[in-house]
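The values are calculated or read from the model by the stated rules, or taken from the named source; none is laboratory data. Here the structure is a predicted model, which means the values were calculated and not measured. Cβ placement follows ideal geometry from the backbone for every residue including glycine, while neighbour counts extend to all protein chains displayed. The area values use the complete protein model at the heavy-atom level, side chains included, leaving out ligands, DNA and RNA. Shrake-Rupley method; radii C 1.70, N 1.55, O 1.52, S 1.80 Å.
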Amino acid sequence: MAEGSFETASDGIRSFAREGGQVLQVAHDEREAPAVLDDTDALDDSVLVSFTDEHEAGLLAWIARPCGNRVVGLGIDLAAVEDFAGERGERFNHLLFTEGEQQLVAEAWPHEPARGYAFAFSAKEAAFKACAAPLRSWYRTHSEELLFDLRSFELDGWDHEKGTARRGEAQRAMNLMGIRTIELHRLFWNDMALTIALALQA
């Protein structure tokens with residue numbers, strides 16, 4: 001069984017300690033995203049890592065993946081509910097989410113749509129991050145770029161992103177990387193939506 005851990009962090013620099021004491025530093029990029037490893041090549045496919053932070057709260061997730069395990073990618077994301085509320089949130093929600101996703105939120109969270117959209121956004125972000133490790137593996141043996149963004153991940157339910165109808169280049173990229181689907185696990189934490197995504201190979 002895979003072993004995993006979740007840790008909180010309060011400053012702008014994240015660190016991940018692998019077996020043997022090796023430490024990989026993670027800093028924020030120009031968009032303030034905490035996902036830049038000093039040496040991404042130091043991570044092999046047996047260890048999957050993902051980071052997220054929101055409103056001065058940070059989380060690190062890692063999983064040691066045994067050989068032969070179907071999990072090929074890990075993603076974690078936090079989204080603050082307040083960012084999806086009010087007039088500003090409504091405009092943002094209509095731009096980011098498909099009609100199907102908006103209907104999904106309306107049915108599941110009729111009295112708290114902001115919370116539903118926060119979960120939907122964190123799910124799409126986590127699914128996108130779950131592709132990081134498979135992409136690293138892809139580029140080790142291929143020169144072709146695989147281009148897609150988080151809007152390419154369409155939610156079909158709260159348990160997984162839409163595995164058979166991703167939009168644009170995302171479906172082709174998933175096929176090439178051997179990802180069959182991305183499972184989602186979610187919970188509510190300190191007025192924020194937290195989603196953990198696992199990319200599963202075919």
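Can you tell me which of G116, G157 is of a type outside the set (D, E), more than 15 Å from the chain's Cα centre (by Cα) and open to solvent by less than 10 Å² (accessible area, probe 1.4 Å)?
Details: G157 fails: open to solvent by less than 10 Å² (accessible area, probe 1.4 Å).
That would be G116, the only listed residue that is of a type outside the set (D, E), more than 15 Å from the chain's Cα centre (by Cα) and open to solvent by less than 10 Å² (accessible area, probe 1.4 Å).
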(request) Of the conditions (1) in contact with a helix residue (DSSP H, G or I) (Cβ under 7 Å, 6 or more places away or on another chain); (2) at pLDDT 90 or above; (3) over 19 Å from R70 (Cα atoms), L146 clears all except one; give me its number. (result) (2)
(message) Of the conditions (1) at pLDDT 90 or above; (2) surrounded by fewer than 20 Cβ atoms within 10 Å (Cβ to Cβ), N175 satisfies every one except a single condition; which number is it?
(response) (1)
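Of all residues being under 16 Å from M192 (Cα atoms) and in contact (Cβ under 8 Å) with a residue 60 or more places away in the chain in segment 119-135, which is surrounded by the fewest Cβ atoms within 10 Å (Cβ to Cβ)? Just the residue, please.
Here is the first cut: in segment 119-135, the ones under 16 Å from M192 (Cα atoms) are 119-126.
From what is left, the residues that are in contact (Cβ under 8 Å) with a residue 60 or more places away in the chain are 119, 121-123, 125-126.
Numbers: F119: 27, F121: 25, S122: 26, A123: 29, E125: 21, A126: 31.
So, considering only residues that are under 16 Å from M192 (Cα atoms) and in contact (Cβ under 8 Å) with a residue 60 or more places away in the chain, the one surrounded by the fewest Cβ atoms within 10 Å (Cβ to Cβ) is E125.
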(message) Which condition from (1) under 26 Å from A173 (Cβ atoms); (2) touching a strand residue (DSSP E or B) at 6+ places or on another chain (Cβ under 7 Å) is the one that A80 breaks?
(response) (1)
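Working only within segment 94-112, note down all residues that are in a helix (DSSP H, G or I) and touching an Asp or Glu at 6+ places or on another chain (Cβ under 9 Å).
Filtering segment 94-112 down to residues in a helix (DSSP H, G or I) leaves 94-96, 99-108.
Selection gives G100, E101, L104.
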(message) Among the numbered criteria (1) open to solvent by less than 30 Å² (accessible area, probe 1.4 Å); (2) within 15 Å of the chain's Cα centre (by Cα), which one does W138 miss?
(response) (2)
(request) Only one of these is out of contact with any His (no Cβ under 6 Å at 6 or more places or on another chain), farther than 15 Å from I76 by Cα, at pLDDT 80 or above and among the acidic types (D, E): E125, E154. Name it. (result) E154
(request) State all residues of segment 67-106 that are closer than 15 Å to W158 by Cα, open to solvent by 20 Å² or more (accessible area, probe 1.4 Å), touching a helix residue (DSSP H, G or I) at 6+ places or on another chain (Cβ under 9 Å) and not polar (S, T, N, Q); if no residue qualifies, say none. (result) L104, A106
(request) Please indicate, with yes or no, whether at least one residue in segment 24-43 is open to solvent by 20 Å² or more (accessible area, probe 1.4 Å), out of contact with any Lys or Arg (no Cβ under 7 Å at 6 or more places or on another chain), at pLDDT 75 or above and of a type outside the set (G, A, S). (result) no
